[in-house]
Amino acid sequence: MNTVPAPAAPYGTWPSPIDAALAASHDGRPDHLGTVGDEVWWTEPRPAEGGRRALMRRRADGSTAPVLPVPWNARSRVIEYGGQPWAGAVREDGELLVVFVHFTDQRLYAYAPDGTGEPWPLTPVSELGGGRRWVDPQLRLEQGSEGEVWCVLEEFTGPAPTDVRRVLAAVPLDGSAADDRSAIRELSDGRHRFVTGPRISHDGRRAAWIAWDHPRMPWDGTVVMLAEITEAGELAGVRPLVGDVQESVCQIEWDRDGSLLFVSDLAGWWELQRIRPDAVAGGVVPSSRLLPPRGEEFGGPLWKIGLRWFHPLDNGLIAVLHGKGTTRLGILDPETGELADVPGPWTAWADTLTVHGSLVVGVAAGPRTGYEVIELDTATGHTRTIGAPHRDPVDPAYYPVPEDRTFTGPDGREIHAHLYPPHSPDRTGPEGGKPPYVMWAHGGPTGHAPLVLDLEIAYFTSRGIGVAEVNYGGSTGYGRRYRERLRGEWGVVDVADCAAVASALVEEGAADPDRLAIRGGSAGGWTAAASLTGTDLYACGTIIYPILDLEGWATDETHDFESRYLESLVGPYAEVPERYRERSPINRTDRLTSQFLLLQGLDDVICPPAQCERFLAAVAGRGIAHAYLAFEGESHGFRRAETLVRALEAELSLYAQTFGIEHPDVPRLELTT
């Protein structure tokens, strides 16, 4: 059979059925899995409904439906990034009960999803600072009483973003605390700045949680705290069990034999271990690895409260997420050490897991599929999609064909990246032509870009613009040593690694040296801005809700969780203030020669719009073409469909104007000088 070759056309001009509205409609992924009776529940994004998170349920009959009606939004703001926002259970009378955090006012609410009433509040409102917030709830339904929900309370004590305390708290389910703060019992003593929700042992006798303090981030060092639960429901004998200032424990779970399973990076990789609190030898509680060293991660950075990379099953097996760069689901037999990976097309599993009997449920994606809720039956090995199923909105021939690459950077160091070359079934590049390429710098910076289908990337590649997602030094997924390359070197290593990938593509003949761009959001926005003001490699850049002024960020211009982050990324401000000034893009606008697009949410308290406004003032009058789009009602990470569409079309217009490409299919971005 003869096939007609696709006609040649200049890169960047190719027609594509993937428009900005389509890409926006697929933004985000399912998250926060759990089981309630025989049902699986999770949250999923609703870009077309103001960006809310809907709480969904899969019933035993296989049907899927929302748990909460519009406009309820199950999303927490604790440490601003939130975490597990709901817990559910079956009451003694067989009725379902869910407790959740509503984003708008951050109160805890209770709801009977099979009833006829509306959700009712469990906690009071506070007008002080950022108010009161809740996350990682655990229901405790005592026989003969209404019961309580145990969770993390984040409570502001003043107007500054760092005027805040966090404790474990018990909230009565009878609603008595809805208008009465005194009805809430504080379980922990507030000795630590940050805490996760309590994990309660199967016999109900003990509770354990993870804690850490400034200036460490949870991937630097955490400690596991242990307490006895008294008959009165108090925590007694609180003591550290495992962890240190240079050991990151990112998850804990109780096993049925009374031992505590945990993930620690003490040996350089996040690895699964077991500790028996009752087995004390010479004042030390011994712990043991469940697997020999594999050079893989079995955990990740604790950006949200309540993340799960493993989950024990009732039969003694343990479901684990593991890998280097990519992630796989495996079933571990801790008695034999046998780890059996689940076959399938997935290259990334999100940091959420739940189990029910022999079933394991996770959220996974691959290069040809978006994130779906996947169920594994460990008894049969069978997998199936049970929620948020991927459906090809266009012919998959328009999807990019990614390449997992390792480049050589400065000093011969490895740099990991995912390449998405231009790809279309309808067009090919002109003979001898080289495509434009955009370097994507992920956020964090202690984060990771997964190798999965992303319609935002396909939006560009299907038009003939290549994308390279760079997991620069400092990224997770490659061990602690790779992660700590960025220590003291933020704005140096990340910038150099992105430049090294771009330069390598040019040297290979894969990219046009005159049509390179860089883009990133949050910490990636910093890297994009630092690259534009520190190199002459890029013709333009897209800077999204960025950090632009390190001194401002170090002096009360961000939220509490990351307020001391720069001490490890740059150095203590009191010791190296000149480093903060010299590296900040806001102080290097005299070196800026490339045009740029700046995108910002006006409600962002992590990277506030004030930094963008100061940066624009410094650029004003210098003859640099640029555009600034600020969005009301958006915070850190755009969620509304109309925002996502406007931002994506503006970005394409920037590249079209910079690279000399005609694109009448998107509104022309007005650039000013």
Does residue 182 qualify as being without any contact (Cβ under 8 Å) to a residue 12 or more places away in the chain and either crowded, with 21+ Cβ neighbours inside 10 Å or part of a loop (DSSP other than H, G, I, E, B) (or both)? no
Members of the stretch 370-394 that are aliphatic (A, V, I, L, M) and open to solvent by less than 70 Å² (accessible area, probe 1.4 Å): 373, 374, 376, 386, 388, 394
From the list 597, 648, which residue is closer than 30 Å to residue 71 by Cβ and in contact with an Asp or Glu (Cβ under 8 Å, 6 or more places away or on another chain)? 648
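Is at least one residue of the stretch 515-522 open to solvent by 10 Å² or more (accessible area, probe 1.4 Å), under 28 Å from residue 328 (Cα atoms), in contact with a Gly (Cβ under 9 Å, 6 or more places away or on another chain) and in contact (Cβ under 8 Å) with a residue 60 or more places away in the chain? Let's see the steps before the verdict.
From the stretch 515-522, those open to solvent by 10 Å² or more (accessible area, probe 1.4 Å) are 515, 519, 521-522; that's our starting set.
Then keep just the ones that are under 28 Å from residue 328 (Cα atoms); that gives 521-522.
Within this subset, residues satisfying the condition of being in contact with a Gly (Cβ under 9 Å, 6 or more places away or on another chain) are 521-522.
Now narrow it down to the ones that are in contact (Cβ under 8 Å) with a residue 60 or more places away in the chain: 521-522.
Yes - at least one qualifying residue is present in the stretch 515-522.
Looking at the structure I just gave you, is residue 207 touching a Pro at 6+ places or on another chain (Cβ under 6 Å), at pLDDT 95 or above, within 30 Å of residue 121 (Cβ to Cβ) and in a strand (DSSP E or B)? Give the steps one after another, and end with the answer.
Details: touching a Pro at 6+ places or on another chain (Cβ under 6 Å): yes; at pLDDT 95 or above: yes; within 30 Å of residue 121 (Cβ to Cβ): yes; in a strand (DSSP E or B): yes.
Taking the combined requirement at face value, the residue satisfies it.
For the stretch 515-559: of the residues being assigned to a loop (DSSP other than H, G, I, E, B) and of a type in the set (Asp, Glu), which is farthest from the chain's Cα centre (by Cα)? Steps first, answer last, please.
Step one: of the stretch 515-559, the residues assigned to a loop (DSSP other than H, G, I, E, B) are 515, 522, 533-539, 545-549, 555-559.
If we keep only those that are of a type in the set (Asp, Glu) as well, we get 536, 549, 556-557.
On the way: 536: 31, 549: 23, 556: 23, 557: 22 Å.
Ranking the candidates gives 536 first.
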Tell me whether the stretch 83-99 contains one or more residues that are open to solvent by less than 30 Å² (accessible area, probe 1.4 Å), in a loop (DSSP other than H, G, I, E, B) and farther than 19 Å from residue 183 by Cβ. yes
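Output the residues belonging to the stretch 354-373 that are more than 15 Å from residue 315 (Cα to Cα), part of a strand (DSSP E or B), in contact (Cβ under 8 Å) with a residue 40 or more places away in the chain and not hydroxyl-bearing (Ser, Thr, Tyr).
Step one: filter the stretch 354-373 for residues more than 15 Å from residue 315 (Cα to Cα), giving 361-373.
If we keep only those that are part of a strand (DSSP E or B) too, we end up with 361-366, 369-373.
Applying the additional criterion that residues be in contact (Cβ under 8 Å) with a residue 40 or more places away in the chain yields 361-363, 365-366, 369-373.
361, 362, 363, 365, 366, 370, 372, 373 - these are the residues of the stretch 354-373 that are more than 15 Å from residue 315 (Cα to Cα), part of a strand (DSSP E or B), in contact (Cβ under 8 Å) with a residue 40 or more places away in the chain and not hydroxyl-bearing (Ser, Thr, Tyr).
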Those strands (runs of 3 or more DSSP E) completely within the stretch 1-75 that have 2 or more residues that are surrounded by fewer than 17 Cβ atoms within 10 Å (Cβ to Cβ) are 64-66
Condition first: modelled with pLDDT of 95 or more, in contact with a helix residue (DSSP H, G or I) (Cβ under 7 Å, 6 or more places away or on another chain) and either open to solvent by 20 Å² or more (accessible area, probe 1.4 Å) or over 21 Å from residue 19 (Cβ atoms) (or both). Now tell me which residues in the stretch 395-420 satisfy that. 398, 407, 415, 417
For the stretch 476-488, indicate whether the set of residues that are in contact (Cβ under 8 Å) with a residue 40 or more places away in the chain, touching an Asp or Glu at 6+ places or on another chain (Cβ under 9 Å) and buried (at least 24 other Cβ atoms within 10 Å of the Cβ) is non-empty. yes
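Collect the residues in the stretch 213-252 that are farther than 30 Å from residue 485 by Cα and not in a loop (DSSP other than H, G, I, E, B), keeping them in residue-number order.
Scanning the stretch 213-252 gives 226, 227, 228, 229, 235, 236, 237, 238, 239.
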Confirm whether residue 165 is touching a strand residue (DSSP E or B) at 6+ places or on another chain (Cβ under 9 Å), open to solvent by 40 Å² or more (accessible area, probe 1.4 Å), of a type in the set (D, E, K, R) and part of a strand (DSSP E or B). yes
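The values are calculated or read from the model by the stated rules, or taken from the named source; none is laboratory data. Nothing here was measured: the structure is a model prediction, and the numbers come from that model. Please note: Cβ atoms are built from the backbone with ideal geometry, for glycine as well, and neighbour counts cover all protein chains shown. Surface areas here come from the heavy atoms of the whole protein model, side chains and all, with no ligands, DNA or RNA. Shrake-Rupley method; radii C 1.70, N 1.55, O 1.52, S 1.80 Å.
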